[in-house]
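Read-outs: derived from the displayed coordinates by stated rules, not from any lab. Owing to the predicted nature of the structure, the values given are computational and were not obtained by experimental measurement. Quick reminder, even Gly has a Cβ in these numbers, built from the backbone with ideal geometry, and neighbours come from all protein chains shown.
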Amino acid sequence: MAAIVASPAYAYTFGKIKVTDTTAGYDHNMDIYLVGGEWSKNNVQIHGDGRGFTLKSGGRLYFATEAMDSFEGQWQKYWKTELKGNHFSYDIDVS
């Protein structure tokens with residue numbers, strides 16, 4: 001009989017950025033954590049002012065309300081925000 005052993009899905013918290021959430025009708029300043037696979041930890045740089053980040057050489061990011069070291073059973077930590085009537089802006093540098 002063969003046994004299957006599941007290994008945990010490790011997450012890496014790259015740092016946090018400052019976000020202004022206006023979904024409640026007023027400005028709510030909060031910290032949002034950038035989380036991804038630990039294999040891509042050299043691909044993300046948080047800007048010194050804490051207002052943005054740079055993603056290099058691929059990978060993917062998730063937004064979370066607190067730091068995470070595993071993706072297993074952590075769904076409640078993902079940042080959920082209402083986008084209707086709001087905007088999420090970003091710049092792309094393809095140079």
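With neighbour counts taken as other beta-carbon atoms within 10 Å, the residues LYS80, LYS41 rank, fewest first, as LYS80, LYS41.
Counting lysine pairs in the chain whose alpha carbons fall under 21 angstrom apart, excluding pairs fewer than 8 residues apart on the same chain, gives 11.
Note on the chain: the alpha carbon radius of gyration divided by the globular reference 2.2 N^0.38 Å gives 1.28. For segment 6-95, which GluC sites (Glu not before Pro) are both in a DSSP coil and crowded by at most 15 other Cβ atoms within 10 Å? Answer by residue number: GLU66, GLU72, GLU82.
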